[in-house]
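Below is one structure. I have some questions about it.
The values are calculated or read from the model by the stated rules, or taken from the named source; none is laboratory data. Note that the structure is a prediction, hence the values are computed from the model and not measured. When we count neighbours, we look across all protein chains shown, and the Cβ atoms used for this are built from the backbone with ideal geometry, even at glycine. Each accessible area value is taken on the protein alone, full model and side chains, heavy atoms only, with ligands, DNA and RNA left out. Shrake-Rupley method; radii C 1.70, N 1.55, O 1.52, S 1.80 Å.
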Amino acid sequence: MQVKDAMHARIITIEPHATLPEAVVKMQELKMKRLPVVHEGKLVGLLTDGEVRRNLPALSEGLTPWEFAGRAGRVRVRDAMRSPVLTATLTEELNHAIKQMLERRVGGLPVVDDDGMLRGMLTLTDVLRAEQGAPRLTWGSVDQHMTGDVVSVQAGDPASDAAAKLKVSRLRVLPVLEGQRLVGLLHEVDVQAEIEREVAARGARAGSSLMLADQTVRQLMRAPTGYLPEGAPMRDAMQRMVELDVHGLPVVDGDGHLLGVVTISDILKIILGQK
């Protein structure tokens, strides 16, 4: 299978001279984490949600809405974008592109032709969708491939401790437990949103000891809508990730106790024959 067989050709792009607020609106409305930056049809950069956050004015500076809008509006996409960009080509073997994404820890690759013109986007979810129809031998169960040593938090833990654990582990989601029973999921995006609300409302400095001081994990967690039962086939894991558009799922036993986590990386390693 080649990259062109799995990528999606309908892509949303932005010009390098556009402002950062324009990019934010586009990314929020379309629920995108990355925008290819294109000039005259050629790929010149990639703007991710991480670059956007790092280049917007800090709320902790105590700016008025007028000042914030003014400063943000002066930042151009070309000043924040990632360049050069890791890319894939139309006729590249899909397995090679998967290896690139795993090794470089990226969730998507712009796809270009021989002239550097942008032709599509390949994401990890695109790979899963393409592999769903591929004839394969049995992959075994989630128990055989999951990570058993899971970084987690307790529902009653201070939210500030959980935020620190997210940062140190570089994970985006943490399982939330009561004892050993799975009761929720804590998302980095929800923690960051709460911190930003506190900074705006109280003027506290982001990262200070005052952040999330009065909150517990339970107040910020989401219900565990996506999880897998013990013994579920790995193919079910792949299908569930595509349905929910997530990159990892907790695995629980019949009593709801957390046994481990199976990730999209586990599935991709199976596809590559590394597991």
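Here is a check on your reading of the model: is L185 part of a loop (DSSP other than H, G, I, E, B) and either within 18 Å of the chain's Cα centre (by Cα) or modelled with pLDDT under 90 (or both)?
On the way: part of a loop (DSSP other than H, G, I, E, B): no; either within 18 Å of the chain's Cα centre (by Cα) or modelled with pLDDT under 90 (or both): yes.
For L185, the condition - part of a loop (DSSP other than H, G, I, E, B) and either within 18 Å of the chain's Cα centre (by Cα) or modelled with pLDDT under 90 (or both) - is not met.
Within the bounds of region 115-126, is there any residue that is at pLDDT below 90 and open to solvent by 20 Å² or more (accessible area, probe 1.4 Å)?
Yes, the conditions are met somewhere in region 115-126.
Yes/no per residue for (1) open to solvent by 60 Å² or more (accessible area, probe 1.4 Å); (2) of a type outside the set (D, E, K, R):
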site	(1), (2)
G148	no, yes
Q154	yes, yes
G184	no, yes
E198	no, no
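So, of the residues in region 1-16 that are open to solvent by 50 Å² or more (accessible area, probe 1.4 Å) and part of a strand (DSSP E or B), which turns out to be modelled with the highest pLDDT?
Q2
Of all the residues that make up region 129-158, how many are assigned to a helix (DSSP H, G or I), among the hydrophobic types (A, V, I, L, M, F, W, C) and either at positive phi or at pLDDT 90 or above (or both)? Full working, then the answer.
Narrowing region 129-158 to residues assigned to a helix (DSSP H, G or I): 129-132, 142-145.
From the residues that got through so far, the ones that are among the hydrophobic types (A, V, I, L, M, F, W, C) too are 130, 142.
Okay, now just the ones that are also either at positive phi or at pLDDT 90 or above (or both), so 142.
Final tally of qualifying residues: 1.
Is there any pair linking a residue in region 35-57 that is modelled with pLDDT of 90 or more and part of a strand (DSSP E or B) to one that is among the polar types (S, T, N, Q) and surrounded by fewer than 21 Cβ atoms within 10 Å (Cβ to Cβ), with Cβ under 6 Å and at least six apart or on different chains, and which?
P36/T13; V38/T13; G45/S83
Among the residues of region 17-70 satisfying the criterion of being β-branched (V, I, T) and in contact with a Gly (Cβ under 6 Å, 6 or more places away or on another chain), which is most open to solvent (accessible area, probe 1.4 Å)? Quick ask: steps written out before the conclusion?
Step one: filter region 17-70 for residues β-branched (V, I, T), giving 19, 24-25, 37-38, 44, 48, 52, 64.
Still in the running and in contact with a Gly (Cβ under 6 Å, 6 or more places away or on another chain): 19, 37.
Numbers: T19: 21, V37: 0 Å².
Step by step, filter region 17-70, then rank; the result is T19.
Mind listing whichever residues of region 103-144 are over 21 Å from R10 (Cβ atoms) and within 21 Å of the chain's Cα centre (by Cα)? Reasoning before the result, please.
So in region 103-144, the residues over 21 Å from R10 (Cβ atoms) come out as 103-105, 114, 134-144.
Within region 103-144, E103, R104, R105 qualify.
When you look at G107, is it open to solvent by 10 Å² or more (accessible area, probe 1.4 Å), without any contact (Cβ under 8 Å) to a residue 40 or more places away in the chain and within 19 Å of I264 (Cβ to Cβ), yes or no? Let's see the steps before the verdict.
On the way: open to solvent by 10 Å² or more (accessible area, probe 1.4 Å): yes; without any contact (Cβ under 8 Å) to a residue 40 or more places away in the chain: no; within 19 Å of I264 (Cβ to Cβ): yes.
No; evaluated as a whole, the condition is false for this residue.
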